[in-house]
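Trainee: Quick one: the structure is below, and I'll ask about it shortly.
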Amino acid sequence: MINITLPDGSVREYKKGVTAFEVASSISEGLARNVLSARVNDRIVEISTPIQTDSSLRLFTWDDEEGKKAFWHSSAHILAQTLEFFYPSVKLTIGPAIENGFYYDVDLGDEHISDKDFQKIEKKFLEFAREKAEFKLKEVSKADALAMYAKQGNQFKVELIENLNDGEITFCDHSNFTDLCRGGHLPNTGLVKAVKITSIAGAYWRGDENKPQLTRVYGISFPKAKLLEEYLVMLEEAKRRDHRKIGKELELFTFSEKVGMGLPLWLPKGAELRSRLEEFLKKAQIKAGYQPVITPHIGHKDLYVCSGHYDKYGEDSFQPIKTPKEGEEFLLKPMNCPHHCEIYKSKPRSYKDLPVRFAEFGTVYRYEQSGELHGLTRVRGFTQDDAHLFVRPDQIIEEFKKVIDLVKYVFASLGFEDYEAQISLRDKNNPDKYIGSDENWEKAESAIIKAAAEKDLKTTVVYGEAAFYGPKLDFMVRDALKRKWQLGTIQVDYNLPERFELEYMGSDNQKHRPIMIHRAPFGSMERFVAILTEHCEGKFPLWLAPEQFAILSISDKYLAQAEKTLLLLRENGLRGYIDDRAEKIGRKIRDTELQKIPFMLIIGEKEEESNTVSVRKQGHGDLGSKTPEEFVELINSEINEMISAF
RNA sequence: GCCGAUGUAGCUCAGCGGUAGAGCACUUCCUUGGUAAGGAAGAGGUCACGGGUUCAAUUCCCGUCAUUGGCUCCA
């Protein structure tokens, strides 16, 4: 008999060789039906894998990441089987599960797949799935495995196997298909009930552009047809919310070939929205003790040589501009921090002055690869809501916590409720990647972890993701469609103070080196506005909306009354306009709804007589009539509900 | 940067080896209408750009540029 420890801590006794599936069956019939994958101690296994020793066991279903992973990874096998069916000479490489589905990279030789082939692939895929073929893991000797793929001329698999040790090489069989595989599969193919081939793309072998290019087939699969339908609806929804589409419809921003790719032009309404966001943050930052600074758009090359950015990112910057006479080289500013370091250095600092917090909405330019540009989320010129805090070692935790407070405030005011903190620490096995002493790293890492814990942040820790100069905390936000975005970031930096020889006079009358904290709650204004637009589908929070109301006159007889009302509302700090077109009221309402203006005020004979407005709320219809004063009150109270003082 | 797809009116898109199409938007006129599209007329395009094939190219081929889905990168 062996003891199996379950996640709740309970220990059950089973006979040796029991499988995860049998354990699930012994717990409940429902669990047995739904279990897809399992983890024995630290190893992901098939639920049919016999367990030989005392172990801890965790069972995964579709609702767990690991369950989905097994599901999608198994689907990748079926996809490979299907591709092999249609393209017998195909060379298989790798086929992992990803966040939303799976892919398989194949070398098709002279063959081509196009999106016209998707349907037939899906059809055959499901035929294979319905065979309910069991996934069976078997061990193969290195020699046999190499021989098999060498015979097929599959240099990719040969390369993979060469990097594995004999004795740990496994293949997974199902039906008449076999593939090199570490494991973590469903019990059989029959659980996959629905599949969609989503796209096709080129991908380099091992992600290296000098290696051969493979064809990557992306797909997603589900245990129920209904889930696929829901997924497709979600994709449609994402398309509807695409900030590039809404940005065009609501006239927020545009691009011009003449101006240059990746260089956004903010239209009046977008600029209105953005400056409102900036004002909002500036106000909170002043309260939090930040000092605004302003720095130029270009900087001497030596500045970035000093900061190390030139060495590391010179290739990714716009190339230096030379002064005509002296031949001095200047770079378009790719970062604000070097400038802020120089501001710090502009006078001697005492330990009593610290922390010093410099904030700037600094526009930076980076030469992003052309293929990577995307709407406002990836551009070549963008504005960071940047700030750099220069702190003493003993202040790190406190300052970090304050920054977390600020970020939380920003998110709460904008309707982002679902987020977690990702703490990126160094990879201790790879010390060469990082600069700074072990002691400092230790301190900074524990400071971040402690600060996050004290601020009740939901956190995940990833090792090896830290920047070379220090650990960081990124805010990962889920939007209304549950998509994950990285927004705010807080980073600890030992590197720049060193390079710029920043100092402060300590209480001991000795010079000390401050530590820098970089932070940006929005990240970049461009990216943030894009994400916010998709999150709220262009229906911006009332306090941010470029126009808060539109006055719709029943006919032009009431335009004078409309003007009077507009003036009064504007005097009360509200933003709006009159739709004075010679259109019927139904038409005006429709157009205003589509423009996502939060409130519509209808003015006709009745309203003119009683000096009221008939209020309609975007998406909610008629709210009845109110006096203009009541309407001001309504808007203000809605805003106050959402956004409190920092 | 690399691989694939796309590029037709301000927008969304149809079309095609033989004089360029629709809906919306726009302009003008009519309509002054009470809670999601009133009516009519008009204007608007070197079919991304440059080459080639052809009697003839927006259409077929090549190149460039841009957009886009990925890959790589992301201070």
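Trainee: Wholly within the range A:530-642, which strands (runs of 3 or more DSSP E) include no fewer than the required count, namely at least 2 residues that are out of contact with any helix residue (DSSP H, G or I) (no Cβ under 8 Å at 6 or more places or on another chain) and not charged (D, E, K, R)? Spell out the reasoning first.
Mentor: Working: elements: A:549-553, A:576-579, A:599-603, A:613-617, A:621-626.
The qualifying strands (runs of 3 or more DSSP E) are A:621-626.
Trainee: Same structure again: For A:Ile113, which of the numbered conditions (1) in contact with a Lys or Arg (Cβ under 8 Å, 6 or more places away or on another chain); (2) closer than 30 Å to A:Pro212 by Cβ; (3) modelled with pLDDT under 85; (4) β-branched (Val, Ile, Thr) fails to hold?
Mentor: The number of the failed condition is (1).
Trainee: Right, something else. Does the range A:316-327 include one or more residues that are within 14 Å of RNA strand B (Cβ to nearest atom), part of a helix (DSSP H, G or I), modelled with pLDDT under 90 and open to solvent by less than 30 Å² (accessible area, probe 1.4 Å)? Steps first, please.
Mentor: Filtering the range A:316-327 down to residues within 14 Å of RNA strand B (Cβ to nearest atom) leaves A:316-320.
After this cut, where a residue has to be part of a helix (DSSP H, G or I) as well, the list is A:316.
Narrowing further to those that are modelled with pLDDT under 90: A:316.
Then drop every residue that is not open to solvent by less than 30 Å² (accessible area, probe 1.4 Å), which leaves none.
No, every residue in the range A:316-327 fails to be within 14 Å of RNA strand B (Cβ to nearest atom), part of a helix (DSSP H, G or I), modelled with pLDDT under 90 and open to solvent by less than 30 Å² (accessible area, probe 1.4 Å).
Trainee: Right, next: Checking A:Glu162 against (1) closer than 24 Å to A:Phe125 by Cα; (2) open to solvent by 70 Å² or more (accessible area, probe 1.4 Å): exactly one of these is not met. Which one?
Mentor: The number of the failed condition is (1).
Trainee: Within the bounds of the range A:401-422, is there any residue that is open to solvent by 60 Å² or more (accessible area, probe 1.4 Å) and under 23 Å from A:Tyr344 (Cβ atoms)?
Mentor: yes
Trainee: Can you name every residue in the range A:548-567 that is away from RNA strand B (no atom under 13 Å from the Cβ) and open to solvent by 40 Å² or more (accessible area, probe 1.4 Å)?
Mentor: Listed by number, the residues that qualify are A:Glu563, A:Lys564, A:Leu567.
Trainee: Could you list all residues from the range A:619-633 that are open to solvent by less than 70 Å² (accessible area, probe 1.4 Å), modelled with pLDDT of 95 or more and within 28 Å of A:Tyr409 (Cα to Cα)?
Mentor: A:Phe631, A:Val632
Trainee: What's the number of the condition A:Lys193 fails, among (1) near RNA strand B (Cβ under 7 Å from one of its atoms); (2) in the same structural domain as A:Gln119 (by TED's automatic domain parsing); (3) open to solvent by 60 Å² or more (accessible area, probe 1.4 Å)?
Mentor: So the condition that A:Lys193 fails would be (1).
Trainee: Could I ask something else about it? Quick one: in the range A:459-485, of everything that is aromatic (Phe, Trp, Tyr) and part of a strand (DSSP E or B), which residue is surrounded by the most Cβ atoms within 10 Å (Cβ to Cβ)?
Mentor: Among residues in the range A:459-485 that are aromatic (Phe, Trp, Tyr) and part of a strand (DSSP E or B), the one surrounded by the most Cβ atoms within 10 Å (Cβ to Cβ) is A:Phe475.
Trainee: A:Ser610 - would you say it is more than 9 Å from RNA strand B (Cβ to nearest atom), under 37 Å from the mean Cα position of the chain (by Cα) and surrounded by fewer than 16 Cβ atoms within 10 Å (Cβ to Cβ)?
Mentor: no
Trainee: Return the total of residues in the range A:340-381 being near RNA strand B (Cβ under 9 Å from one of its atoms) and among the small types (Gly, Ala, Ser).
Mentor: Of the residues in that region, 3 qualify.
Trainee: So how many residues does the range A:230-276 have that are exposed (fewer than 13 other Cβ atoms within 10 Å of the Cβ) and more than 16 Å from RNA strand B (Cβ to nearest atom)?
Mentor: 2
Every residue, every condition in (1) open to solvent by less than 50 Å² (accessible area, probe 1.4 Å); (2) basic (Lys, Arg); (3) free of Cβ contacts under 8 Å to residues at least 60 places away in the same chain; (4) over 18 Å from A:Val195 (Cα atoms), yes or no:
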site: A:Ser37; (1), (2), (3), (4): yes, no, no, yes
site: A:Val40; (1), (2), (3), (4): yes, no, yes, yes
site: A:Glu46; (1), (2), (3), (4): yes, no, no, yes
site: A:Thr49; (1), (2), (3), (4): yes, no, no, yes
site: A:Arg58; (1), (2), (3), (4): no, yes, yes, yes
site: A:Gly67; (1), (2), (3), (4): yes, no, yes, no
site: A:Ala70; (1), (2), (3), (4): yes, no, no, no
site: A:His77; (1), (2), (3), (4): yes, no, no, no
site: A:Gln81; (1), (2), (3), (4): yes, no, no, no
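Trainee: Identify, please: which residue in the range A:94-111 is outside any strand (DSSP E or B) and closer than 21 Å to A:Lys482 by Cα and is, among those, least open to solvent (accessible area, probe 1.4 Å)?
Mentor: Of all residues in the range A:94-111, those outside any strand (DSSP E or B) come to A:94-96, A:99-100, A:108-111.
Next, from what is left, pick out any that are closer than 21 Å to A:Lys482 by Cα: A:99-100.
Working: A:Glu99: 122, A:Asn100: 86 Å².
Checked the range A:94-111; the qualifying residue least open to solvent (accessible area, probe 1.4 Å) is A:Asn100.
Trainee: Looking at A:Gly436, is it on the phi > 0 side of the Ramachandran plot and buried (at least 16 other Cβ atoms within 10 Å of the Cβ)?
Mentor: Numbers: on the phi > 0 side of the Ramachandran plot: yes; buried (at least 16 other Cβ atoms within 10 Å of the Cβ): yes.
Judged against the criteria, A:Gly436 is a match.
The values are calculated or read from the model by the stated rules, or taken from the named source; none is laboratory data. Computed from a predicted model, the values in this text were never measured in an experiment. In this analysis, Cβ positions are derived from the backbone assuming ideal geometry, glycine residues included, and neighbour counts consider all displayed protein chains. These area figures cover heavy atoms from the full protein model, side chains too; ligands, DNA and RNA do not enter into them. Shrake-Rupley method; radii C 1.70, N 1.55, O 1.52, S 1.80 Å.
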